[in-house]
Amino acid sequence: MKNSNTPKLTIVGAGPGDVELITLKAIKALESADVVLYDALVNEELLQYATRAEIIFVGKRFGCHSYSQDQINELIVSMANRFGHVVRLKGGDPFVFGRGSEEIEYAETFDLETAIVPGISSALGVPASNGISLTQRGIAESFWVITGTTSDHKLSKDVALASQSSATVVILMGMNKLDEIISIYQSNRTDDLPVAIIQNGTKDTEKKVEGTLSSIKKLVEEQQLSSPAIIIIGEVVKHASKLTNYFQVEFLEEEFIFQNLNLTA
């Protein structure tokens, strides 16, 4: 028997990985969901909020898809018509290389009610959580966010354009193209340009290396970094350690004060 709930799709951004970085609105959407279709980059701890929903994994990794995009689109419509409220849970922000707009457009062709809950993109949240300010007065006036792998599995041409500017550049899904990215940058910039690569950003399993165009590939090999990771290129990277150390000192000072007052933070 068809569910009495109105067929509806809500596209929800799950944030960069840390479960506490999801929004209250996203949690409310999960709580009201009849079906949740979630991606590979979503922290599965978030599924605890979908207490009454059918949970379906539809994640895609490089070279390994549980569902094609066309199948996901069809699944959204069929599940909405059968059960009611479908939440499409995506890592980061669904409109930053998340194909959220494609799924909305497809659902609307079948007259489904739709809604969007933005999330914190890893392009913004992961650098910030590591003390890297993408824009900084006197250092970087702008930033680019670029996909490392286009729909035809090639490196975006925007990387070459970005390498000619002084802007901070954040590259998502670019680890498989790291050699090509570094080569392009070395053609336009000096070898001492700072680079940071952060794997599993904001999670307990986070790994990070900081180096330069000339050293970053060796550091990645030594620390065995792989996808999912983001690449950050720009002068702001070398200022990150000062910011991070400052935050650590602040926390240590607060902990010392609480301990001496026999209080707990």
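Residues within the reach of a label modelled at Glu222 (point 7 angstrom out along Cα to beta-carbon, backbone nitrogen below 17 Å), restricted to the stretch 174-195, are 192-195. With helices as the sole contributors, the chain gives -9500 deg cm²/dmol at 222 nm; each DSSP H run of n ≥ 4 counts as -39500 (n - 2.57), and the sum is divided by every residue. Based on alpha carbons, the Rg and Dmax found for the stretch 8-120 are 12.5, 34 Å.
Compute for the stretch 121-173: radius of gyration divided by Kirkwood radius, i.e. Rg/Rh, restricted to C-alpha atoms, rounded to two decimals. Intermediate results must be reported in sequence, preceding the final value.
On the way: Rg = 11.9 Å, Rh = 11.9 Å.
Over the Cα atoms of the stretch 121-173, Rg/Rh equals 1.00.
What is the percent carbon and sulfur in the accessible area of the stretch 8-120, measuring with a 1.4 Å probe over the protein chains and ignoring ligands? Before the final figure, lay out each step's value.
Numbers: 2760 of 5400 Å².
With neighbouring chains kept in place, the figure for the stretch 8-120 is 51 percent.
Among 156-163, 231-238, sorting by the average number of other beta carbon atoms lying within 10 angstrom of each residue, highest first, gives 231-238, 156-163.
Sorted from longest to shortest, the spans of the Cα atoms of the chain along the three principal axes equal 64, 58, 33 Å.
What full-extension length gain, to one decimal in nm, is calculated for Tyr67 and Asp158 as 0.36 nm per residue of separation minus the Cα-Cα distance? Numbers along the way, then the final one.
Numbers: separation 91, 0.36 × 91 = 32.76 nm, distance 2.87 nm.
Length gained between Tyr67 and Asp158: 29.9 nm.
Between amide H atoms placed 1.01 Å from N, distances below 5 Å from Val87 occur with Thr10, Asp34, Val35, Val36, Leu37, all of them 5 or more places distant or on a separate chain. Label positions at Lys28 and Ile56, each projected 7 Å from the Cα along the C-beta direction, are separated by 2.6 nm. Computed from the Cβ-Cβ distance with R0 of 41 Å, the FRET efficiency linking Ser78 to Thr150 stands at 0.90.
With a 1.4 Å probe and every protein chain kept in, tell me what percent of the accessible surface of the stretch 123-239 is carbon plus sulfur. Display every interim value, and only then the final one.
Numbers: 2630 of 5740 Å².
For the stretch 123-239, the apolar C and S fraction of the accessible surface comes to 46 percent.
Take the stretch 8-120 with all the other protein chains still there, run a 1.4 Å probe, and you get 48 Å² of accessible area per residue. Both numbers refer to the Cα atoms of the stretch 123-239; Rg and Dmax are 12.9, 37 Å.
The values are calculated or read from the model by the stated rules, or taken from the named source; none is laboratory data. Here the structure is a predicted model, which means the values were calculated and not measured. Every residue, glycine as well, gets a Cβ built from its backbone with ideal geometry; the counts of neighbours run over all protein chains shown. Calculation scope for accessible area: heavy atoms of the full protein, side chains included, ligands and nucleic acids excluded. Shrake-Rupley method; radii C 1.70, N 1.55, O 1.52, S 1.80 Å.
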